[in-house]
1. Find which of Thr93, Leu154, Phe17 sits farthest along the positive direction of the dipole of the chain, computed with +1 on the beta-carbon of Lys and Arg, -1 on that of Asp and Glu, about the Cα centre.
2. Counting only protein chains, not ligands or nucleic acids, how are Val144, Val71 ordered by accessible area (probe 1.4 Å), most first?
3. Once you have a ≥ b ≥ c as the square roots of the Cα gyration tensor eigenvalues for the range 1-127, tell me rounded if a/c is under 1.5, and otherwise prolate or oblate according to whether a/b is larger than b/c.
4. What 222 nm value per residue comes from the helices of the chain, counting each DSSP H run with n ≥ 4 as -39,500 (n - 2.57) and dividing by all residues, nearest 500 deg cm²/dmol?
5. Shape call for the range 49-88 from the C-alpha gyration tensor, a ≥ b ≥ c root eigenvalues: rounded (a/c under 1.5), prolate (a/b greater than b/c) or oblate?
6. Lysines near Lys83 by alpha-carbon distance under 30 Å, same-chain residues fewer than 8 away left out - which ones?
7. Compute the Cα gyration tensor for the range 73-127, then decide on rounded, prolate or oblate, letting a ≥ b ≥ c be the square roots of its eigenvalues: rounded whenever a/c is under 1.5, prolate when a/b is larger than b/c in the other cases, and oblate in all that remain.
8. Taking the Cβ-Cβ separation of Lys147 and Asn61 as r and a Förster radius of 25 Å, what is the calculated FRET efficiency to the nearest 0.05?
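The values are calculated or read from the model by the stated rules, or taken from the named source; none is laboratory data. The shown structure was predicted, so the numbers you read here are calculated from the model rather than taken from an experiment. No Cβ is skipped: glycine too gets one built from the backbone with ideal geometry, and neighbour counts run over all protein chains shown. Just so you know, the surface numbers come from the protein's heavy atoms only, side chains and all, with ligands and any DNA or RNA stripped out. Shrake-Rupley method; radii C 1.70, N 1.55, O 1.52, S 1.80 Å.
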Amino acid sequence: MKLDKIQWNELGKVLVFIDAANIFYSCRGLGWHIKYERLQKYFQESCRLVDIYFYYAKKENNDHDAKLLGVLAGLGFKIKVRKQKIFKNPDGTIQIKGNIDGELIVDLVKLKDQCDTVFLMSGDGDFRYAVDFLREFGKKVFVVSTKYHVAKELIDASNGYINMRDLKNEWTFT
């Protein structure tokens, strides 16, 4: 869906949910970084933004993570953090886990009465059932991701898919 096709004045109250890991990999594939101040300003100027939620699995004692989370907190983002866990597999390889999808899904359901529209910044197909649930309650859901990082079933469940490439000039620095 092209942004100029969205009837911004008809969206009502809007919540934005950012799956940081998914968006990070989408941006890396595009070769750019989101400037979160610009993302926030974009939504504030386009619609009746209620809140932006940011879901992040952080590394232990990482200055970059601390700085990013501090900037977002200062902007008023609602931050949900889980520490990454490091596992040693039986074959000796190391595996890092930091999945925070469960928290995002619970918040989508829990906060449904605070909004009319959700912008879900993720392409993870695991969110499909939460999107279906929200739509059963009359909520509009737009998925924001990139072509190679979005599940078809998530697009099909939503009211529309927005390719992040269309937002580069508004949201990023390269």
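1. Final value for the positive-end residue is Thr93.
2. Per-residue accessible area, sorted high to low, gives Val71, Val144.
3. Prolate.
4. It comes out at -10500 deg cm²/dmol, rounded to the nearest 500.
5. oblate
6. The reachable lysines, counting only those whose Cα sits under 30 Å from Lys83, are Lys35, Lys41, Lys58, Lys59, Lys67, Lys97, Lys110, Lys112, Lys147, Lys152, Lys168.
7. prolate
8. My answer for the efficiency is 0.10.
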